[in-house]
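Take a look at the structure below.
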Amino acid sequence: MQKSELDTLRATLLFSGISSEEIGRLCRLLHAGERHYAKGSFLITAGDPIGAFALLLSGAVQVFMDDMDGNRIVMANVAPGTLFAEAMACSDVAESPIYAVATQESTVLWLQSTFLSNPAFFADPLCARFGANFIRSMAERSLRFNDRVQILSKKSIRDKLITFFSQQIHQQKSRQIVIDMDRSALADYLGVER
């Protein structure tokens, strides 16, 4: 693994407090594999078997699913340094109910999830630290879903937008915010007709 890639990994919550040498060891233990995706490429399609979770290293990914009528429901917009598909990889879900598509040219690190079911993995202090970081990452994801529920629970488009903008101001710690979605993607995320 190149130094720039290791620096990128060390900056993520998943590898927080873990040295470059330790990251290399963990990547070998977890059978990590890096893949590059062109904009518009599907990383996961509904029905795929799930045996790994992903860490977005660069680019942007949107995770969505279809409702019963075939309408797309945006579940998450994934930013660099963020995990996705981890809940499915850690559960007994045999086939993916979601899609993940690269909305920009993207680089992803795929990590095998079989370690989670092996208690011996966590006996190693390095692996225990990684496990704690993994749990923190999942907790952060849960909080982001809570934000999404707040938006979706609003009745009017105006209230949805006010809630979304308030959350972005809080997350970006600035009154000048950057929204990396086009109008159509934002409408999908808010659950409104464009």
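Throughout, read-outs are computed from the coordinates displayed, never taken from laboratory work. The shown structure was predicted, so the numbers you read here are calculated from the model rather than taken from an experiment. Reconstructed Cβ throughout: ideal geometry from the backbone, glycine too, with neighbour counts over all protein chains shown.
Points to keep in mind about this one:
- Electrostatic dipole magnitude of the stretch 24-176 [Cβ: Lys, Arg +1; Asp, Glu -1; Cα centre; debye, to 20]: 720 debye
- Nitroxide proxy distance, nm - points 7 Å out along Cα→Cβ at residue 142 and residue 157: 3.5 nm
- Here the relative contact order of the chain, from alpha carbon pairs under 8 Å that lie six or more residues apart, stands at 24 percent.
- Subtracting the Cα-Cα distance of residue 166 and residue 71 from their residue separation scaled by 0.36 nm leaves 31.5 nm.
- Value of Rg/Rh across the stretch 52-194 [Cα atoms, Kirkwood radius]: 1.00
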